[in-house]
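Novice: Mind having a look at this structure? Questions to follow.
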Amino acid sequence: MRTVEWHQNQVRMIDQKRIPWELALVDLPDFQAVAHAITDMTVRGAPAIGASAAFGMALAARQSNAETVAALLTDLQTAAQVLKDARPTAVNLAWAVDQMMKMAANGHYTHPDGVRDALLNEAQRIADADVAINQRMGANGAVLIQDGDTVLHHCNTGALATVDYGTALGVIRAAWESGKRFHVLLDETRPRLQGSRLSAWELEQLGISYDILPDTAAGYYMQKGEIKLVLVGADRITANGDVANKIGTYQIAVLAKENGIPFYSVAPTSTVDLSLATGAEIPIEERNKDEVLTPYGNPIVPPHFHARNPAFDVTPNRYLAGIVTENGIARPPFSDSLRRAVAGAQV
Ligand code: MRU
């Protein structure tokens, strides 16, 4: 099934907090519940939260009792802000909400029901497009993996992080499905453990060879010459090719360069934010310190101990060999190649 979908006038999603122990679904009746599910990471991953927010906007249109298009647009603006505020770093969230607002305000509808129908269609289109785009990225990036390679991966970028198929894990899946045989090392990705809980669960189902690594072990295996390629996703990529991704990505990129290992980000062009010049402008989410001190309710130290919990970091463009998009692999200088990819050209 898809990570998020429209089901009987509600938004149905996989509860990612319960994987790998249980595949549970939650049905969300209103946009406020969707925003909460994004904040508490019931759904997470940049494209998945974008699609969830799009369906959240479709719900908001149905929740509103507005009898004119103008009144409905006012209600939608309120919902748009609540959804955008749910998490700050992944630009796909704001991108999807903006797409929905553009559709609502395009002037084609004289009755609010027309807007309501159009918004549900647009959310479905965004969700369907995500799957198709991921499959294209998979095909574009699969050439990077050779038989016998060991590939390092950080966080979860698979079907769960998207509507289906995945970004960096989508590349891994496409290479495996093309018959290549290789091994994947999965950073466990503290503190939320997306690597061990979610990526390992996905690779189990796909039958792809993997081991979970403590995050601190990546450099060890690079130095031993085992790792041939690093693949990660992205939450926001700026015009110059700086990449915000899950905390820990930057240190892996630096280690990869030190050890002469190519490092690629895999992301749809909806993750590229051309309005920001460099990664220094990206808002970085700081999450509750309890995620560090008491992961998933299991205390590591007494709860009054001090901690910090940045959810993302920024990898400067000089560490990237390329960025795999649905329009090909963008190469340095990214200020040129990304702009062309976003405009729809093959790069
Ligand atoms: O905090 P998360 O789990 O939402 O962070 C997810 C990531 O950092 C992923 O690497 C990124 O969204 C790309 S996934 C397709």
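Novice: Considering only D273, D235, D290, give the residue with the highest GNM mean-square fluctuation for the chain, with springs between Cα atoms whenever their separation is below 10 Å.
Specialist: Maximum fluctuation in the GNM of the chain, among the listed residues, is at D290.
Novice: A follow-up question, please. What is the total of Lys pairs in the stretch 141-342 with C-alpha atoms under 29 Å apart, excluding same-chain pairs fewer than 8 positions apart?
Specialist: So the count of such lysine pairs works out to 10.
Novice: So, one more: Quick one: P(r) of the chain from all Cα-Cα pairs, 10 Å bins, percents rounded to integers, in order of increasing distance.
Specialist: Binned Cα distances yield the sequence 6, 26, 34, 23, 8, 2, 0.
Novice: Kindly point out which whole DSSP H helices in the chain project their C-alpha atoms 30 angstrom or further along the helix axis while averaging a Kyte-Doolittle hydropathy of -1.0 or above.
Specialist: Working: long enough: 112-141 (43 Å, -0.45).
Those that clear 30 Å and a mean of -1.0 are 112-141.
Novice: I want the antiparallel fraction of DSSP beta bridges within the stretch 141-342, as a percent rounded to 5. Spell out each step's value before the answer.
Specialist: Values: 10 of 29 bridges.
About 35 percent, rounded to the nearest 5.
Novice: Measure out, as a whole number of angstrom, how far apart the alpha-carbon centroids of the stretch 42-74 and the stretch 112-130 sit.
Specialist: 10 Å
Novice: Quick one: grab the alpha carbon gyration tensor of the stretch 141-342, order the square roots of its eigenvalues as a ≥ b ≥ c, and give me rounded if a/c is under 1.5, else prolate or oblate depending on whether a/b is larger than b/c. Provide the component values of the computation, followed by the final result.
Specialist: Details: a/c = 1.61, a/b = 1.14, b/c = 1.40.
Here the stretch 141-342 falls in the oblate category.
Novice: Which trypsin sites (Lys or Arg not before Pro) in the stretch 242-345 pass both tests, a DSSP loop state and at most 15 other beta-carbon atoms within 10 Å?
Specialist: Passing both the DSSP loop test and the Cβ count: K289, R308.
Novice: OK, next. Sum up the charges of everything whose Cβ sits under 13 Å from the Cβ of I145, counting Lys and Arg as +1 and Asp and Glu as -1, but leave I145 out.
Specialist: Working: positive: R173, K180, R181, K228; negative: D147, D149, E177.
Residues near I145 contribute +1 overall.
Novice: How much of the DSSP beta bridge set in the chain is antiparallel, as a percent to the nearest 5? Intermediate values should be presented prior to the final figure.
Specialist: Numbers: 18 of 37 bridges.
Percent antiparallel among DSSP bridges in the chain is about 50.
Novice: I would also like to ask the following. Can you give the FRET efficiency for H306 and E204, using 1/(1 + (r/R0)^6), R0 = 25 Å, r = Cβ-Cβ distance, to the nearest 0.05? Numbers along the way, then the final one.
Specialist: Values: r = 36 Å, r/R0 = 1.45.
That gives a FRET efficiency of 0.10.
Values in this text are rule-based calculations from the coordinates and carry no lab data. Worth saying up front: this structure is predicted, and the values here are computed from it rather than measured. Heads up, the Cβs are rebuilt from the backbone with ideal geometry, glycines too, and the neighbour counts pull from every protein chain shown.
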